[in-house]
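The values are calculated or read from the model by the stated rules, or taken from the named source; none is laboratory data. On a predicted model such as this, the values are computed, not experimentally measured, just so you know. A quick note on method: Cβ atoms are made from the backbone with ideal geometry, for glycine too, and the neighbour counts reach across all protein chains shown. Side chains included, ligands, DNA and RNA excluded: accessible areas come from the protein's heavy atoms. Shrake-Rupley method; radii C 1.70, N 1.55, O 1.52, S 1.80 Å.
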Amino acid sequence: VMSLHAVKVATGGEGGCVVTDDLGLTEELRALRNNGFKYKTHQRVSSGLNLHMDELSCALALSQLNRIDKLLAERHRIAARYYEHWKDDLRLILPAYHPGHSYHLFVLRLSEIVDIEIETFRAELEKLGVGTQRHYRNLHQITNTNYDVGSFPVAAHAYERMISIPMYVGLTDDDLDLVTTSIDRLLDKYTDATR
């Protein structure tokens with residue numbers, strides 16, 4: 001299952017796709033996405049939804065797939081700059097490196113020696129011209145779940161120390177310098193060397 005959301009490495013603007021070599025599953029999925037109609041027929045075999053991507057979105061996704069190697073290389077270039085810049089910085093916990101990673105996001109976690117709330121950190125970065133985001137709240141912290149609020153304290157604590165920093169094709173060297181120097185400036189300001 002692949003997302004083709006606008007910020008993914010290859011995008012169709014929205015939507016996604018399923019890739020499978022299971023012909024039975026293919027038939028079921030085609031019917032599901034086509035209001036329950038059997039593929040290339042007018043025979044309704046189940047209930048379903050209208051889940052088609054429009055032609056323009058499909059064309060965009062195909063054009064992105066034709067340049068996927070270039071897009072991935074650019075994201076790897078940006079990630080390499082971040083890894084190199086903060087490789088020995090104990091104030092940050094970087095994502096685990098993997099050569100096959102697509103770097104859809106680059107998530108930093110503030111270590112315990114950085115004494116600032118994450119939303120304050122984000123607000124100060126915004127004032128310096130660096131936008132950040134928070135991604136993927138823990139399932140047990142989302143309303144309408146059956147998890148106890150106190151469940152999974154390690155995951156909850158980690159989430160409260162994490163931000164996604166700029167990671168997209170088109171970031172210039174000047175943009176990357178702004179990101180790294182702004183984060184360094186705040187890390188210098190809020191690091192408690194006694195911890």
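Given Cα pairs under 8 Å that are at least 6 residues apart, what percent is the relative contact order of the chain?
18 percent
Using the alpha carbons of the stretch 1-113, what is the convex hull volume per residue in cubic angstrom, as a whole number?
Residue-normalised Cα hull volume stands at 144 Å³.
If you plug each phi of the stretch 169-184 into the Karplus form 6.51 cos²θ - 1.76 cosθ + 1.60 with θ = phi - 60°, what whole-Hz ³J(HN,Hα) values come out, in order, with x for Gly and Pro?
Coupling constants for the stretch 169-184: 4, x, 5, 8, 4, 5, 4, 5, 4, 4, 4, 5, 5, 5, 5, 4 Hz.
With a Förster radius of 35 Å, plug the Cβ-Cβ distance of residue 115 and residue 56 into 1/(1 + (r/R0)^6) and report the FRET value to the nearest 0.05.
Efficiency, from the Cβ-Cβ distance: 0.10.
Tell me which of 139, 162, 94 sits at the most positive position along the dipole axis of the stretch 89-195, charges placed on C-beta atoms (Lys, Arg +1; Asp, Glu -1).
The residue sitting most towards the positive pole is 139.
If I build a Gaussian network model for the chain, linking alpha-carbon pairs within less than 10 angstrom, which residue out of 153, 166, 95 has the largest mean-square fluctuation?
Judging by the Gaussian network model, the answer is 153.
Between the helical axis of 55-66 and the dominant principal axis of the chain, each derived from Cα atoms, what acute angle in degrees is found, rounded to the nearest 10?
60 degrees
What residue among 110, 172, 49 has its Cα farthest toward the positive end of the dipole of the chain, where the charges are +1 on Lys, Arg and -1 on Asp, Glu, each on the Cβ?
The residue sitting farthest along the positive end of the dipole is 49.
Just the number please: accessible area per residue for the chain, 1.4 Å probe, all protein chains included, in Å².
Result: 65 Å² per residue.
For the chain, take the longest principal axis of its alpha carbons; what is the angle in degrees between that and the long axis of helix 118-127, to the nearest 10 within 0 to 90?
90 degrees
Roughly how many debye, to the nearest 20, is the charge dipole of the stretch 1-85 about its Cα centre, given +1 on each Lys and Arg Cβ, -1 on each Asp and Glu Cβ, and no other charges?
The dipole magnitude comes to about 120 debye.
Running a GNM on the chain with Cα contacts under 10 Å, which residue among 175, 89, 22 ends up with the highest mean-square fluctuation?
Comparing 175, 89, 22 in a Gaussian network model of the chain, the most mobile one is 22.
Give me the percent of the accessible area of the chain that comes from carbon and sulfur atoms, probe 1.4 Å, all protein chains in place.
55 percent
Mean-square fluctuation check for the chain, GNM, Cα pairs under 10 Å: which of 14, 124, 28 is largest?
Sorting by GNM fluctuation, first place goes to 28.
Give, rounded to the nearest 20 debye, the magnitude of the charge dipole that the chain has about its Cα centre when Lys and Arg contribute +1 at Cβ and Asp and Glu contribute -1 at Cβ.
Dipole of the chain, to the nearest 20 debye: 600 debye.
Please work out how much length the chain gains when fully extended from residue 140 to residue 154, using 0.36 nm per residue of separation minus the C-alpha to C-alpha distance, in nm with one decimal.
Full-extension gain reported as 3.9 nm.
Among the lysines, which fall within straight-line cross-link reach of residue 8, defined as a Cα-Cα distance under 18 Å, with same-chain neighbours fewer than 8 residues apart omitted?
Result set, ordered by chain and number: 70.
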